[in-house]
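What follows draws every value from the coordinates through simple rules; no lab data is involved. For clarity, every value in this text was computed on a predicted model and none was experimentally measured. Cβ: placed from backbone, ideal geometry, glycine included. Neighbour counts: every protein chain shown.
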Amino acid sequence: MAKTEYLDTMEIQIEEWGIKIEDLVGEAEKAHEANRGKLYSQIKSLRTKQECLRKKYEKLKEINDEKARIRNEVEEVLNSLKKPLETTAVK
């Protein structure tokens, strides 16, 4: 799996989990009062984990973008050296 494909898949998964968490909130609101507190506690834990994952995802995305930028800069320097090296003749 390519890195950008991996990031796209991760982003979709984070969004899907967010929807599932919201569905759980809806279920908690309808739950019997005795169970509601436990469900809200679990939802809070899930949201905390989701936020941690989102932050790590953003960091990974930034690193990937920085890597692509540096790779482009390196390619530019290589290309700027290539032509002069090919056209310079030792006489």
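Kindly evaluate Leu53 against the criterion of being among the aliphatic types (A, V, I, L, M) and in contact (Cβ under 8 Å) with a residue 24 or more places away in the chain.
yes
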Query raised in the report: Name the residues in the range 43-73 that are under 10 Å from the mean Cα position of the chain (by Cα) and among the polar types (S, T, N, Q), would you?
Result: Asn64
Query raised in the report: Within the range 1-32, which residues are of a type outside the set (D, E, K, R), more than 25 Å from Lys59 (Cβ to Cβ) and part of a helix (DSSP H, G or I)?
Result: Leu24, Val25, Gly26, Ala28
Report task. Evaluate the following for Leu39: is it surrounded by 14 or more Cβ atoms within 10 Å (Cβ to Cβ) and under 24 Å from the mean Cα position of the chain (by Cα)? Result -> no
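Residue by residue, here is whether (1) of a type in the set (Gly, Ala, Ser); (2) farther than 30 Å from Ala2 by Cα; (3) part of a loop (DSSP other than H, G, I, E, B); (4) in contact with a Leu (Cβ under 8 Å, 6 or more places away or on another chain) holds:
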residue: Ala34; (1), (2), (3), (4): yes, yes, no, no
residue: Lys38; (1), (2), (3), (4): no, yes, no, no
residue: Ile43; (1), (2), (3), (4): no, yes, no, yes
residue: Leu46; (1), (2), (3), (4): no, no, no, yes
residue: Tyr57; (1), (2), (3), (4): no, no, no, yes
residue: Ala68; (1), (2), (3), (4): yes, no, no, no
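Answer with yes or no whether Lys82 is more than 21 Å from Ile14 (Cβ to Cβ) and without any contact (Cβ under 8 Å) to a residue 24 or more places away in the chain. Lay out the reasoning, then the answer.
Numbers: more than 21 Å from Ile14 (Cβ to Cβ): yes; without any contact (Cβ under 8 Å) to a residue 24 or more places away in the chain: yes.
Here the answer is yes, as Lys82 does meet what is asked.
Out of the residues in the range 21-32 meeting the condition of being acidic (Asp, Glu) and closer than 30 Å to Leu7 by Cβ, tell me which one is surrounded by the fewest Cβ atoms within 10 Å (Cβ to Cβ).
Residues of the range 21-32 acidic (Asp, Glu): 22-23, 27, 29.
From the residues that got through so far, the ones that are closer than 30 Å to Leu7 by Cβ too are 22-23.
Values: Glu22: 12, Asp23: 10.
Checked the range 21-32; the qualifying residue surrounded by the fewest Cβ atoms within 10 Å (Cβ to Cβ) is Asp23.
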